[in-house]
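These notes are about the structure you will find just below.
The values are calculated or read from the model by the stated rules, or taken from the named source; none is laboratory data. Nothing here was measured: the structure is a model prediction, and the numbers come from that model. Cβ placement follows ideal geometry from the backbone for every residue including glycine, while neighbour counts extend to all protein chains displayed. The area values use the complete protein model at the heavy-atom level, side chains included, leaving out ligands, DNA and RNA. Shrake-Rupley method; radii C 1.70, N 1.55, O 1.52, S 1.80 Å.
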Amino acid sequence: MNHTKNNSIINSPCISLENVTISYKNSPAVRNIYCEMPRGKVTAFIGPSGCGKSTVLRSINRMNDLIDGCSLTGRVLFEGVDLYAPEVDPVEVRRRIGMVFQQPNPFPKSVYENIAFGARINGYTGDMDELVEMSLKKAALWDECKDKLKESGCSLSGGQQQRLCIARTIAIEPEVILMDEPCSALDPISTLKIEETMHDLKKSYTIIIVTHNMQQAVRVSDMTAFYNAEKQSGGSGKLGYLVEYNETSKIFNSPSQKATQDYISGRFG
Amino acid sequence: MNRRESEIRYKLRKRTASERTLDNGFKNFSLGMASIVAILLFSILIVIFRGSIESIAKYGLSFLITSDWNPVDDAYGAFTAIYGTLITSIVALLIAVPLGVGTAIFITENIIPKNIRSILSVMVELLAAIPSVVLGLWAIFIMEPFLRPFLISINSFLGWLPIFNTTPVGPGVAPAIIILAIMILPIITSISRDSLNQVPNKLREGAYAIGASRWPTIFNIILPAAISGIAGGVLLALGRAMGETMAVTMIIGNSNNFSWSIFAPGNTIAAMLANQFGEADGNQVSSLMYAALILMILTLVVNVFAQLIVKRLRLKY
């Protein structure tokens, strides 16, 4: 399991990718990813557009299953269990590994119902009011929303919607939260609020975030993975791969690869 | 100086008079076209109402609840046809809505490979291309004889219910219901499919991402988000079912003797109009107009009612 020496800094990974290659319709989009993500930390995926960061992220909670013609080889281990083993139920995977998307996507229901829906379908038996309040507080949305619980989730502002999506994700108590560029559609103030939320959340959750914003990666993450893409030989598409993975401070201060250095200093991408 | 002029590639300009006339002209043209729809609707209503005044004066509201239709005695009551119209279209809808919406869900969700789905989808559209007279013919010679044993067994088990209490002998309301269900199925399916396709994929992903399986995703998120479109399709289908003439006339038996039973021959307003206008005169024409007016009002009421439901159900996203 010690493919690269920097992975040895992680003793018991929460999620590990072992030689993961993901293809759309038989043409690979990312290849041979090895990466181990530590428990209770924030891991950031950075890299230029089209390098497959989101694809890798979505493979961790089997979201790619919903895309026609998407296939995966290699292994994605979550607490030592292969998520793609035939006996694993993708629905259970997604309950334990939640996801927040690039575009805020609250359900067209009330704020309350946005949170209660997930809890209910997952067999939550406790006090629903309490759960809604607690989740909204954790997502730093309670103060803005406590008088609007009956209003549609879609009537909130973009940043509030995104925090509602975070609240709805933590309401079902996942162990891991995947965030796919959660702030790319938001203004700087909303972004800051979400980053603050993430700081609180990482005490109890493992977070993996895809971001285009390198300052954000520096601010929120403990570990950073830099992906890059190369022109596919013969094909028109690009093929992504993992260039470098290390502690965030090392990636940004003394990257070992030239491509990483170029990217973080803005000479590239 | 030359260089600067070449840099300015667009100039601020005023719209010319002819351009403005064109814009206004187009606006008025569209307005006119849109008004024609409204004018047509009202003039049809007025013509039908004028035609039916005689009958309304003579029979009044009792026209709605008597089932006599006797040109010899000049006694007219449309209850048989009204009942036939309502029961055929409503029961046909009850059959076709679950089938059609179910098919639409099956086509839009990735349950089976895409190429099979598109073949299915094309076949549904082809169903809509069959002329109603062909369906009527098929109903008389193939469907009804094939179904009769089933209908007879329903009659023998559930004959104590008023709607099943006559023995099926041939043309009747029940085969008409089934042929109507077949005819409205493609409308419901294709409109539901389109509105399901319009539900943004991010809602679907959001539901799956919090551990929803397919069932709660479809029934709690996707269907409510698409409900206004689906309800619109159901409405169109109901309109079609209430107004459908040819196939119904061929299979319903065209009897003005009232029976609650759907196995007995019956009549619908549309079928009655088609059958009798040719040889009607005097009071009968007026009574047929009255029946047509009732059909129009029924459709209108259904439409308004359904719009209200759609507004209440609608989820905004």
Checked segment A:193-245 for anything more than 20 Å from A:Thr21 (Cα to Cα) and exposed (fewer than 15 other Cβ atoms within 10 Å of the Cβ); matches are A:Glu196, A:His199, A:Asp200, A:Lys203, A:Ser204, A:Gln215
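Of all residues in segment A:212-235, which are under 16 Å from A:Cys51 (Cβ atoms) and without any contact (Cβ under 8 Å) to a residue 24 or more places away in the chain?
A:Glu230, A:Lys231
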Residues being open to solvent by less than 80 Å² (accessible area, probe 1.4 Å) and in contact with a Ser or Thr (Cβ under 9 Å, 6 or more places away or on another chain): count how many of those fall in segment B:103-126. 10
Which of (1) open to solvent by 40 Å² or more (accessible area, probe 1.4 Å); (2) more than 14 Å from chain B (Cβ to nearest Cβ); (3) among the hydrophobic types (A, V, I, L, M, F, W, C) does A:Ala185 not meet, given it meets every other one? (2)
Quick count over segment B:192-207, residues being surrounded by 23 or more Cβ atoms within 10 Å (Cβ to Cβ) and either among the aromatic types (Phe, Trp, Tyr) or touching a residue at least 60 places away in the same chain (Cβ under 8 Å) (or both), is 2
Residues (out of contact with any Ser or Thr (no Cβ under 8 Å at 6 or more places or on another chain), among the polar types (S, T, N, Q) and in a helix (DSSP H, G or I)) located in segment B:193-231: B:Asn201, B:Thr217, B:Asn220
Report whether or not A:Val56 is assigned to a helix (DSSP H, G or I), crowded, with 21+ Cβ neighbours inside 10 Å and either away from every other protein chain (no Cβ under 11 Å) or at pLDDT 90 or above (or both). yes
Scan of segment B:275-308 for residues that are surrounded by fewer than 17 Cβ atoms within 10 Å (Cβ to Cβ), over 19 Å from B:Leu236 (Cα atoms) and either assigned by TED's automatic domain parsing to the domain that holds B:Ile46 or of a type in the set (A, V, I, L, M) (or both), ordered by number: B:Ala280, B:Val285
With the checklist (1) of a type in the set (Val, Ile, Thr); (2) surrounded by 24 or more Cβ atoms within 10 Å (Cβ to Cβ); (3) over 22 Å from the mean Cα position of the chain (by Cα) in hand, flag the one item B:Thr217 doesn't pass. (2)
With the structure loaded, tell me whether A:Gly98 is farther than 23 Å from B:Thr108 by Cβ, within 14 Å of chain B (Cβ to nearest Cβ) and part of a strand (DSSP E or B) or whether it fails that test. yes
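Only one of these is free of Cβ contacts under 8 Å to residues at least 60 places away in the same chain and surrounded by 11 or more Cβ atoms within 10 Å (Cβ to Cβ): B:Leu64, B:Leu41, B:Leu99, B:Leu45. Name it.
Sole residue among the options that is free of Cβ contacts under 8 Å to residues at least 60 places away in the same chain and surrounded by 11 or more Cβ atoms within 10 Å (Cβ to Cβ): B:Leu41.
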Being of a type outside the set (Lys, Arg) and open to solvent by 50 Å² or more (accessible area, probe 1.4 Å) is the filter here; which residues of segment A:141-159 pass it? A:Asp143, A:Glu144, A:Asp147, A:Glu151, A:Ser155, A:Ser157
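Condition check ((1) facing chain B (nearest Cβ under 9 Å); (2) among the charged types (D, E, K, R); (3) under 15 Å from the mean Cα position of the chain (by Cα)) across all residues:
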site: A:Asp68; (1), (2), (3): yes, yes, no
site: A:Leu83; (1), (2), (3): no, no, no
site: A:Glu92; (1), (2), (3): yes, yes, no
site: A:Phe107; (1), (2), (3): yes, no, no
site: A:Ser110; (1), (2), (3): no, no, no
site: A:Gly118; (1), (2), (3): yes, no, no
Determine if segment A:35-52 includes at least one residue that is within 22 Å of B:Ser213 (Cβ to Cβ), more than 14 Å from every other protein chain (Cβ to nearest Cβ) and surrounded by fewer than 23 Cβ atoms within 10 Å (Cβ to Cβ). no
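Considering every residue within segment A:193-201, establish whether at least one is β-branched (Val, Ile, Thr) and away from chain B (no Cβ under 14 Å).
yes
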So B:Leu185 fits all but one of (1) open to solvent by less than 30 Å² (accessible area, probe 1.4 Å); (2) outside any loop (DSSP other than H, G, I, E, B); what number is the exception? (1)
Answer yes or no: is there a residue in segment B:221-240 that is of a type in the set (S, T, N, Q) and within 14 Å of chain A (Cβ to nearest Cβ). yes
Kindly indicate whether A:Glu175 is touching a strand residue (DSSP E or B) at 6+ places or on another chain (Cβ under 7 Å), within 14 Å of another protein chain (Cβ to nearest Cβ) and either open to solvent by 20 Å² or more (accessible area, probe 1.4 Å) or without any contact (Cβ under 8 Å) to a residue 40 or more places away in the chain (or both). yes
Can you find, within segment B:132-166, the residue that is farthest from B:Trp260 (Cα to Cα) among those that are outside any helix (DSSP H, G or I) and open to solvent by less than 70 Å² (accessible area, probe 1.4 Å)? B:Gly159
